[in-house]
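Notes to accompany the following structure.
The values are calculated or read from the model by the stated rules, or taken from the named source; none is laboratory data. Values in this document were obtained by computation on a predicted structure and should not be read as measured data. Please note: Cβ atoms are built from the backbone with ideal geometry, for glycine as well, and neighbour counts cover all protein chains shown.
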Amino acid sequence: MGIPLSEVLEAPLDAEGLSRRWRQMLEDPLLANVPGKVELDLWGRIIMTPVNTEHGGLAGRLSYILQSQLGGRALVEVGVRTDEGVFTPDVAWCSEAYWSARREQAPLEVAPELCIEIASPSNAIQDLRAKANAYIAAGASEAWIVFPRSRRVEFYRQSGVTDASSFSVDLSTLFD
């Protein structure tokens with residue numbers, strides 16, 4: 001039924017093992033009402049991050065902006081398998097073609113076209129940047145880190161940090 005228990009974790013999970021662990025976690029009734037954002041590291045360990053009201057409001061605003069300006073689908077905290085573990089971007093955007101091809105996957109084996117992390121005071125900047133790069137390596141065209149307090153956004157692509165997004169999105173009302 002569950003993952004066999006051993007005395008210690010001896011090695012990180014391979015990609016299929018990580019996906020299997022994610023699906024088991026999604027189906028576990030004991031985890032059904034766990035509050036906050038849940039992710040898995042490479043070893044299959046659960047990592048939890050509580051979300052505050054400002055964070056949740058900004059995620060909702062981003063979802064609205066993306067879907068209304070780009071069409072497609074805005075996704076909230078969907079599991080994305082990366083080389084670093086299963087991460088759940090606060091907000092992601094994908095085209096209808098991407099959605100149609102992958103809507104049944106759990107976790108997603110290829111990152112949506114755009115993955116966004118919203119910074120919280122408890123986040124370490126190197127962890128956020130590592131996630132942005134992990135999403136790019138997993139197939140995202142772009143990743144953003146949104147900084148609510150300083151009202152700014154960092155944009156990442158395969159080539160590294162850029163000054164602007166390649167997506168035609170007006171973010172002028174994001175922090176209103």
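For region 48-73, taking the residues that are of a type in the set (Val, Ile, Thr) and either in contact with a helix residue (DSSP H, G or I) (Cβ under 9 Å, 6 or more places away or on another chain) or modelled with pLDDT of 80 or more (or both), the one that is surrounded by the most Cβ atoms within 10 Å (Cβ to Cβ) is identified as Ile65. One residue stands out in region 1-38 among those that are in contact with a Lys or Arg (Cβ under 9 Å, 6 or more places away or on another chain) and at pLDDT 75 or above: the one that is surrounded by the fewest Cβ atoms within 10 Å (Cβ to Cβ), namely Ala15. Residues of region 48-78 that are touching a residue at least 24 places away in the same chain (Cβ under 8 Å), in a strand (DSSP E or B) and among the β-branched types (Val, Ile, Thr): Thr49 alone. Screening Arg81 with (1) in contact (Cβ under 8 Å) with a residue 40 or more places away in the chain; (2) assigned to a loop (DSSP other than H, G, I, E, B); (3) over 24 Å from Tyr64 (Cβ atoms) gives one miss only, at (2). Considering (1) without any contact (Cβ under 8 Å) to a residue 24 or more places away in the chain; (2) assigned to a strand (DSSP E or B), the lone condition that Ile116 does not fulfil carries the number (1). Taking the criterion of being part of a loop (DSSP other than H, G, I, E, B), of a type in the set (Ser, Thr, Tyr) and more than 18 Å from Ile65 (Cα to Cα), the residues of region 142-176 that qualify are Ser150, Ser159. Please verify whether region 97-112 includes one or more residues that are modelled with pLDDT of 95 or more, among the aromatic types (Phe, Trp, Tyr) and in a strand (DSSP E or B). No, region 97-112 contains no residue that is modelled with pLDDT of 95 or more, among the aromatic types (Phe, Trp, Tyr) and in a strand (DSSP E or B). For region 159-176, filtering for residues that are within 20 Å of the chain's Cα centre (by Cα), over 18 Å from Gly72 (Cα atoms) and surrounded by 11 or more Cβ atoms within 10 Å (Cβ to Cβ) leaves 3. Among the numbered conditions (1) of a type in the set (Gly, Ala, Ser); (2) surrounded by fewer than 16 Cβ atoms within 10 Å (Cβ to Cβ); (3) closer than 19 Å to Leu62 by Cα, the only one that Ala119 does not meet is (2).
For the residues Ser100, Ser95, the requirement of being surrounded by 14 or more Cβ atoms within 10 Å (Cβ to Cβ) and hydroxyl-bearing (Ser, Thr, Tyr) singles out Ser95.
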